[in-house]
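Input: a single structure, listed below in structure tokens.
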């Protein structure tokens, strides 16, 4: 392998090792303006897309410990990686694919588990990580709030009775 290809392979392997997920998409037929729009949307979601040659990506995936890709790399493809929320990147890809029919979600890996297109679409339908955290926090705080209300209820009722007695005696 030529030196340039070895450098590219190492760069992609490092990118795959640094990201907890990657999603492979087919982009055949997309114009440059559309790819630029996709890059901008993914950047807002904390991800990035890179066009990569299939043979180089196959070697980089093997070097980064991803299981065999089983010949699923064919045609023009790009790889989406990121450091943040996988569901945000998947949601961006799903919305973009709905807008522009040329983008096709092929497969992905999340923590070395292979995801097919249906799994990626299911991830896209999940709420964002911040919304899930807020829901969990709400579930944790609700019992404590109810307990505080129950503890304070007798004291507030007693205060209301005393106030009513004092107003009645006046």
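The values are calculated or read from the model by the stated rules, or taken from the named source; none is laboratory data. Just so we're clear, the structure is a prediction, and the values are computed from it rather than from any experiment. Note that we place each Cβ from the backbone using ideal geometry, even for glycine, and neighbour counts take in every protein chain shown.
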Any idea which of (1) surrounded by 13 or more Cβ atoms within 10 Å (Cβ to Cβ); (2) more than 22 Å from residue 119 (Cα to Cα); (3) in contact (Cβ under 8 Å) with a residue 60 or more places away in the chain is the one residue 29 doesn't satisfy? (1)
Can you tell me which condition residue 60 does not meet? The list is (1) under 22 Å from the mean Cα position of the chain (by Cα); (2) buried (at least 18 other Cβ atoms within 10 Å of the Cβ); (3) part of a helix (DSSP H, G or I), and all the others hold. (1)
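If you go through the range 91-98 one residue at a time, do you hit one that is in the same structural domain as residue 25 (by TED's automatic domain parsing), at positive phi and in contact (Cβ under 8 Å) with a residue 40 or more places away in the chain?
Residues of the range 91-98 that are in the same structural domain as residue 25 (by TED's automatic domain parsing), as a first pass: 91-98.
From the residues that got through so far, the ones that are at positive phi too are none.
Within the range 91-98, not a single residue is in the same structural domain as residue 25 (by TED's automatic domain parsing), at positive phi and in contact (Cβ under 8 Å) with a residue 40 or more places away in the chain.
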Given the condition in contact (Cβ under 8 Å) with a residue 12 or more places away in the chain, surrounded by 18 or more Cβ atoms within 10 Å (Cβ to Cβ) and farther than 20 Å from residue 123 by Cα, answer yes or no: does some residue in the range 10-20 qualify? yes
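When you check residue 146 against the structure, is it more than 12 Å from residue 24 (Cβ to Cβ) and touching a strand residue (DSSP E or B) at 6+ places or on another chain (Cβ under 9 Å), yes or no?
no
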Among 162, 136, which is the only one that is farther than 30 Å from residue 39 by Cα, within 19 Å of the chain's Cα centre (by Cα) and either assigned by TED's automatic domain parsing to the domain that holds residue 18 or not in a loop (DSSP other than H, G, I, E, B) (or both)? 136
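Matching residues to (1) surrounded by 10 or more Cβ atoms within 10 Å (Cβ to Cβ); (2) in contact with a helix residue (DSSP H, G or I) (Cβ under 9 Å, 6 or more places away or on another chain); (3) modelled with pLDDT under 80; (4) farther than 15 Å from residue 85 by Cα:
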{"residue": "116", "(1), (2), (3), (4)": "yes, no, no, yes"}
{"residue": "120", "(1), (2), (3), (4)": "yes, yes, no, no"}
{"residue": "128", "(1), (2), (3), (4)": "yes, yes, yes, no"}
{"residue": "131", "(1), (2), (3), (4)": "yes, no, no, no"}
{"residue": "145", "(1), (2), (3), (4)": "yes, no, yes, yes"}
{"residue": "150", "(1), (2), (3), (4)": "no, no, yes, yes"}
{"residue": "155", "(1), (2), (3), (4)": "no, no, yes, yes"}
{"residue": "160", "(1), (2), (3), (4)": "yes, no, yes, yes"}
Among all residue pairs at least 6 apart or on different chains, which show Cβ distances below 6 Å where the first residue, located in the range 70-89, is more than 16 Å from residue 123 (Cβ to Cβ) and not assigned by TED's automatic domain parsing to the domain that holds residue 44 and the second is modelled with pLDDT of 75 or more and not in a loop (DSSP other than H, G, I, E, B)? none
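One line per residue, one yes/no per condition, for (1) under 19 Å from residue 118 (Cα atoms); (2) modelled with pLDDT under 80:
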site	(1), (2)
3	no, no
53	no, no
57	no, no
66	no, yes
72	yes, yes
